[in-house]
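Colleague: Take this structure, written in structure tokens, and hold onto it; I'll ask about it next.
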Amino acid sequence: MIRRVGRLAVRAWRRLDVRVLAMATLALIGSAVAPLLAGLIPEFLTDRFDRDAVLPVLDILASSMLAVTTFSLGVMVSALHAASGQATPRAFRILVQDPTTQNVLGTFVGAFLFSLTAIVMFRASFYSPESAVVIAALTGVTIATIILAILRWIGHLGRLGSMDHTLSMVEEAARGALAEVARAPGLGAVISSAPPPSTAAPMRSDRGGYVTGLSLETLNTAAEEADATIWLAVRPGDFVVAGAVLAHTDGDADALEPTVCEAVLIGAERDQDQDPLFGLMVMAEIGARALSPGVNDPGTAIDVTLRQSRLLWDHARDVRSSTPEVWAPRLRLEPLTPDTMMNAAFDVVIRDGADRIEVMDVILRELVRLSEAEDPAIARAAADKRAYAADHARAGIDHPADRDRLEARIEGG
């Protein structure tokens, strides 16, 4: 239950509206508690910081923060749409979770609501002279926070929407999901490639869409109460239709099916939290678009290849150094295979860049590096993918000098 609440809280905190709402709530709390602190204010401050000294500043904040917030929202939307247009539409779901942008917008909205609320309170004679001193102090803190937010925003605008920023955001999203898989390959369930017994009854989905997450704590509790075992048939990132099999059980399938349908979270779009393939796929799509005739940017495809290699190399080290965590012993889940990760990371770039020696040279070199990774399964998958890449390159490259370079890379590693 604690893990589920924590995961939902983290997912909610990544949403722009939730973070802005949190900042706005803090601002409203600050303006509401001012009268409670009035008794702590020395008398000599009430003459210096009265309502006539504070109200003009609040008026300026209220009017300026509304304009700044509207402008910043327009800049954010334009930049993110431009970034997703030059990269891939799937990147928008990750870019919109940019914490710097969310914090800056939250600060602006919070400052606007604080100043607006304080003005209303003053006009309604809700604040005493001592309360005006508290509001003056809070206004000073608000102005300092706005200055810091503007400085961060100015620095961030130089990167917002750029390809480097997009790739960095996608890479970090993929890294987090891969770290979760290294820590708990079964997401908390027992890893098992064995199929469920023939006597196990299927439990089917009541709706269609992408599997965005698995609430294993709920499923494991239900399985313990029913003294049953559940074999999950889907992982986050899978697409299912209504009536598709979500799991099998050796217990009462009719009783457990509603819980399974509730615990297998299904949405209209993929989510990267428990789905490492999503980040790898988005990175690969960016590399493939860069190789299209309309873009013709092999440098970005090479950058994508290097980032994918770094992600999988670090993942192999995490796998070797981690002890798989299991907190849902009643559940069984098939592992995410290294071959599947390699396919998501490299296949589309290999096919689209097969006729470009500069791209294939880097791909082959990095796959040789990954074939020496600390995790044997990832090393074998990289070696197999290198053979796949070599076959495509031999079929796509015709120029004699490029073929000589290719064969030298293939032979030399």
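The values are calculated or read from the model by the stated rules, or taken from the named source; none is laboratory data. This one's a predicted model, so the numbers in the text were calculated from it and none came from an experiment. Cβ placement follows ideal geometry from the backbone for every residue including glycine, while neighbour counts extend to all protein chains displayed. All accessible areas refer to the heavy atoms of the entire protein, side chains included, with ligands and DNA or RNA removed. Shrake-Rupley method; radii C 1.70, N 1.55, O 1.52, S 1.80 Å.
Colleague: Just want to confirm a number: the relative contact order over the chain, from Cα pairs under 8 angstrom separated by 6+ residues, in percent. Working shown, then result.
Modeller: Values: 635 pairs, mean separation 66.5, N = 413.
That works out to 16 percent.
Colleague: For Asp398, what accessible area in Å² do you get when you roll a 1.4 Å probe over the heavy atoms of the protein chains, rounding to the nearest 10?
Modeller: Accessible area, nearest 10 Å²: 120 Å².
Colleague: Still on this structure, please answer the following. Hey, what's the chain come to in accessible area per residue, 1.4 Å probe, Å²? Mind showing how you got there, number by number?
Modeller: Details: 18950 Å² over 413 residues.
Counting only protein heavy atoms, the per-residue value for the chain is 46 Å².
Colleague: Please report the carbon-and-sulfur percent of the accessible area for the chain; probe 1.4 Å, protein heavy atoms only, DNA, RNA and ligands left out. Walk me through the numbers on the way to the answer.
Modeller: Working: 11140 of 18950 Å².
Looking at the chain in its full context, I get 59 percent from C and S.
Colleague: Also: Using 7 Å Cα-to-Cβ label points, what is the Ile191/Ala401 separation (nm, one decimal)?
Modeller: 4.7
Colleague: Heavy atoms of the protein only, probe of 1.4 Å, neighbouring chains included. What is the accessible area of Asp164 in Å², nearest 10?
Modeller: Per-residue accessible area (Asp164): approximately 90 Å².
Colleague: Checking understanding here: applying a Kyte-Doolittle mean of at least 0.0 and a length along the axis of at least 27 Å (C-alpha), which whole DSSP H helices in the chain pass?
Modeller: Numbers: long enough: 51-86 (52 Å, 1.10); 99-123 (36 Å, 1.11); 129-157 (41 Å, 1.60); 163-183 (30 Å, 0.03); 298-321 (35 Å, -0.55); 376-396 (30 Å, -0.40).
Once both thresholds are applied, what remains is 51-86, 99-123, 129-157, 163-183.
Colleague: Consider the candidate values (i) 24.9; (ii) 26.8; (iii) 21.7; state which one is Kirkwood radius over Cα pairs in Å computed from the structure displayed.
Modeller: Working out Kirkwood radius over Cα pairs in Å from the coordinates points to (i).
Colleague: So if each residue of separation counts as 0.36 nm, and I subtract the Cα-Cα distance between Arg15 and Asp254, what length gain in nm does that give? Don't skip to the end; give the middle numbers.
Modeller: On the way: separation 239, 0.36 × 239 = 86.04 nm, distance 3.59 nm.
Separation in residues times 0.36 nm, less the Cα-Cα distance, equals 82.4 nm.
Colleague: Considering only the chain, what is the antiparallel percent among its DSSP beta bridges, to the nearest 5? Mind showing how you got there, number by number?
Modeller: Details: 13 of 19 bridges.
If we restrict to bridges inside the chain, about 70 percent are antiparallel.
Colleague: Give me the number: length gained by fully extending Glu372 to Glu269, i.e. 0.36 nm times residue separation minus the C-alpha to C-alpha distance, one decimal in nm. Write down the numbers at each step before the final one.
Modeller: On the way: separation 103, 0.36 × 103 = 37.08 nm, distance 3.53 nm.
Gain on stretching Glu372 to Glu269: 33.6 nm.
Colleague: For the stretch 119-236, calculate the relative contact order in percent as a whole number, restricting contacts to Cα pairs under 8 Å that are 6 or more residues apart. Working shown, then result.
Modeller: On the way: 20 pairs, mean separation 18.6, N = 118.
Averaging sequence separation for qualifying contacts and normalising by length gives 16 percent for the stretch 119-236.
Colleague: Hey, another quick one. Using Cα pairs closer than 8 Å and at least 6 residues apart in sequence, work out the relative contact order for the stretch 276-413, in percent. Please list the in-between numbers first.
Modeller: Details: 152 pairs, mean separation 37.7, N = 138.
In percent, rounded to a whole number, it is 27.
Colleague: At 0.36 nm per residue, minus the direct Cα-Cα distance, what do Leu157 and Arg380 gain on full extension? Give it in nm, one decimal, please. All intermediate terms of the calculation are to be shown ahead of the outcome.
Modeller: Details: separation 223, 0.36 × 223 = 80.28 nm, distance 4.24 nm.
76.0 nm is the gain from fully extending Leu157 to Arg380.
Colleague: What FRET efficiency would be calculated for the residue pair Leu66, Val295, taking the C-beta separation as r and a Förster radius of 45 Å, to the nearest 0.05?
Modeller: Details: r = 39 Å, r/R0 = 0.86.
Step by step, r from the Cβ atoms, then E = 0.70.
Colleague: Let me ask you something else. Taking 7 Å along the Cα-to-C-beta vector as the label spot, tell me the Ser322-Thr221 distance in nanometres, rounded to one decimal.
Modeller: According to this spin-label approximation, the distance is 2.5 nm.
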